[in-house]
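The block underneath contains the structure these notes are about, expressed in structure tokens.
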Amino acid sequence: MPLFKFYEYLSKFGALKLYEKELESKISKCPLPKHVGIIMDGNRRLAKKLGENPELGHNLGASKVHEVIDWCVSLGIHTITLYAFSLENFNRPEHEVKVLMDLFEREFIEIANHPNTHRDKIRVSVIGRREMLPKHVQKAISYAEDETKDYSNHFVNFAIAYGGQQEIIDSVKKIAQQVKINEIGIEDITVELISKNLYTSNLPSPNPDLIIRTSGEERISNFLTWQSCYSELYFCETYWPTFRKIDFLRSIREYQKRERRYGK
């Protein structure tokens, strides 16, 4: 039986919640990923499927972000990085980019003011080339970061105007500048030094243990290119706005079943 048919069957008989509880029970008995990365894909395709414009899909996707943060907090996953807008996404139609930028502004202000953010002591941050974003979005990001800068129970990172290869370039440029002024020598350049100069270096767990991608696409699309070298990958066919808790729990359970050997 296909998985989605199985879920329909469970829902029909009111058993989906029981299945969720069973999965949560199993998950709680095994080590959890410290850092989960999510490629939030499928907003536009869902909107098209519904006969609507992309704006609806993006708004539904933004609502899903709040749910997923709550799931992570309740499970005890302390770091999550959400791929929200790539550098390539600037090439989308101008109106759609504007809709997304206005949405980002609204959502960063909302998350900064949300009582759950402060109750759960969530630190919000953005990784990427934020100088490319409109000023009103930069201001909202700074507001969210300032309001949560003293928290350290949970870390929620948004990759916006982000590219993994470009992040490595930025790291290399920082190191090259150090070499240029004789702070370090070429022989001092190591994996650890490059990692130390990446956007995620301030996190307690900079490298994602698990990366989830929704919508059925099976690639990482320049997301955390350096940090994901040993990440477990999980591809889910559902679109991001329709990503359910049961889908999330299954990804965690699948991660827990895998043996992580790190090339050994």
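The values are calculated or read from the model by the stated rules, or taken from the named source; none is laboratory data. These figures come from a predicted structure and were not determined experimentally. Heads up, the Cβs are rebuilt from the backbone with ideal geometry, glycines too, and the neighbour counts pull from every protein chain shown. The accessibility values were calculated without ligands, DNA or RNA, using every heavy atom of the protein model including side chains. Shrake-Rupley method; radii C 1.70, N 1.55, O 1.52, S 1.80 Å.
The table below lists the values:
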item: Segment 1-24, subset aliphatic (A, V, I, L, M) and surrounded by 12 or more Cβ atoms within 10 Å (Cβ to Cβ), residue modelled with the lowest pLDDT; result: Leu3
item: Any hit, segment 91-100, residues being open to solvent by 30 Å² or more (accessible area, probe 1.4 Å), in the same structural domain as Ser125 (by the TED database) and touching a residue at least 40 places away in the same chain (Cβ under 8 Å); result: no
item: Pairs, first at pLDDT below 95 in segment 25-41, second open to solvent by 10 Å² or more (accessible area, probe 1.4 Å), C-beta under 6 Å, six or more apart; result: Ile27/Arg253; Cys30/Gln256
item: Members of segment 14-54 found to be among the hydroxyl-bearing types (Ser, Thr, Tyr) and either farther than 22 Å from Pro241 by Cα or in contact with a Cys (Cβ under 6 Å, 6 or more places away or on another chain) (or both), listed by number; result: Ser25, Ser28
item: Residue in segment 65-90 that is farthest from Pro204 (Cα to Cα), counting only those that are small (Gly, Ala, Ser) and surrounded by fewer than 17 Cβ atoms within 10 Å (Cβ to Cβ); result: Ser74
item: Scan of segment 104-139 for residues that are closer than 25 Å to Gln166 by Cβ and more than 17 Å from the chain's Cα centre (by Cα), ordered by number; result: Glu105, Glu131, Met132, Leu133, Pro134, Lys135, His136, Val137, Gln138, Lys139
item: Meets criteria (farther than 20 Å from Val126 by Cβ and either free of Cβ contacts under 8 Å to residues at least 12 places away in the same chain or charged (D, E, K, R) (or both)) for Glu110; result: no
item: All positions within segment 222-252 that are touching a Leu at 6+ places or on another chain (Cβ under 6 Å) and assigned to a helix (DSSP H, G or I); result: Pro241, Leu249
item: Segment 211-259 - residue that is more than 16 Å from Cys30 (Cα to Cα) and among the aromatic types (Phe, Trp, Tyr) and, of those, surrounded by the fewest Cβ atoms within 10 Å (Cβ to Cβ); result: Tyr230
item: Qualifying residues in segment 142-174 (those that are open to solvent by less than 20 Å² (accessible area, probe 1.4 Å) and polar (S, T, N, Q)) - the one nearest to Asn197 (Cα to Cα); result: Ser171
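This table checks each residue for (1) surrounded by fewer than 11 Cβ atoms within 10 Å (Cβ to Cβ); (2) closer than 25 Å to Phe108 by Cβ; (3) in the same structural domain as Ala112 (by the TED database); (4) free of Cβ contacts under 8 Å to residues at least 40 places away in the same chain.
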| site | (1), (2), (3), (4) |
| --- | --- |
| Ala140 | no, yes, yes, yes |
| Ile186 | yes, no, no, yes |
| Thr190 | yes, no, no, yes |
| Asp209 | no, no, yes, no |
